[in-house]
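Notes for the one structure printed next.
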Amino acid sequence: MKKTVLIVEDEHILREISKDYFLDAGCDVLEASDGAEAIDLFENFSIDLIILDIMMPKLDGWSVCKRIREKSVVPIIILTARSDEEDTLLGFELGADDYVTKPYSPRVLLARAKRLLASHSHTPNKKDYLLTSQHIEVNLQSHSIKVDGKHIALTHTEFEILTYLMMNKNIVITREQLINQVWGYEYAGDDRTINTHMRNLRNKLGTSAKQIKTMVRAGYKFEEKS
């Protein structure tokens, strides 16, 4: 089945270059030149992945990301200038799954998009679809999370991190192992990016699960770099 990618970019040339790469990869592509148009397309079409620029007219990328996350866990890759580290971190806090810095290689963007699409659509064997530990229940088939019986909304990347930790019970997971498993490419970010994802995950689980202590008692550990 073809995947539909929404490219949200106000620079026409950049948008067209990225579009050509995704079309060549067999994807259907929708285009938006501003945030308001992006929201309209998102609400009226079935979209599998969003490429989202930060600085746009009418509605910026932060606002678009926040509004989409209120309704969907569709994977989102944000586009940001190399010097805008705070923009990148804010994007993660609002629910983005990955980022690509400008100027960027369309091939790199496509590679990251393919990995997100593949992992997001993967359906495990029925016998393996449920992971549980004390207050936390992860359904790999429906990509849903319950904490203390209540549904918790996670981004795609947060879901991947939690799943990996739960599959490696009682094992100390290094930062490098987590990066290789979740991102699957040579990571170009810094420690703050990883820390932001982990903090967001802890905060979301902690809203109903007696803080992150639940995971610690279950044996899940994340080894910080010294």
Margin query: Let me make sure I get this right: for the range 6-49, a, b and c are the square roots of the gyration tensor eigenvalues over alpha carbons, sorted descending. Under 1.5 in a/c it's rounded, otherwise prolate if a/b > b/c, else oblate. Which is it?
Written below: oblate
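With every protein chain kept in the model, how would you rank Val5, Val73 by accessible area, 1.4 Å probe, largest at the top?
Details: Val5 0, Val73 60 Å².
Most to least solvent-accessible, the answer reads Val73, Val5.
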Check: At Glu70 and Asn203, where each label point lies 7 Å from the Cα along Cα→Cβ, what is the point-to-point distance in nanometres?
Finding: 1.7
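In square angstrom, what is the accessible area per residue of the range 15-63 with a 1.4 angstrom probe?
Using a 1.4 Å probe on heavy atoms only, each residue of the range 15-63 averages 46 Å².
Could you calculate the contour length gain from Ser144 to Met55, that is, 0.36 nm times the residue separation minus the distance between their Cα atoms, to one decimal place in nm?
Separation in residues times 0.36 nm, less the Cα-Cα distance, equals 28.9 nm.
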Checklist line | Cα shape, the range 47-101, gyration tensor, a/c 1.5 rule | finding: prolate
Note to self: Is the C-alpha gyration tensor of the range 1-119 telling us rounded, prolate or oblate? Criteria: a/c under 1.5 is rounded; beyond that, a/b larger than b/c is prolate, otherwise oblate.
What the structure shows: rounded
Notebook entry, point to check: When ranked by the protection proxy of mean other Cβ atoms within 10 Å per residue, highest first, what sequence do the peptides 46-55, 147-156, 20-29 form?
Noted result: 46-55, 147-156, 20-29
Next item on the list: Find out how many positive minus negative residues lie around Leu154, taking Lys and Arg as positive, Asp and Glu as negative, among other residues whose Cβ is under 12 Å from that of Leu154.
Entry: +1
Check: Tell me, what is the FRET efficiency for Asn180 and Glu11 to the nearest 0.05, using R0 = 30 angstrom and their Cβ-Cβ distance as r?
Finding: 0.40
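The values are calculated or read from the model by the stated rules, or taken from the named source; none is laboratory data. Computed from a predicted model, the values in this text were never measured in an experiment. Cβ sites come from the backbone with ideal geometry, for glycine too, and all protein chains shown count toward neighbours. Remember, those area values only see protein heavy atoms, side chains included, never the ligands or the DNA or RNA. Shrake-Rupley method; radii C 1.70, N 1.55, O 1.52, S 1.80 Å.
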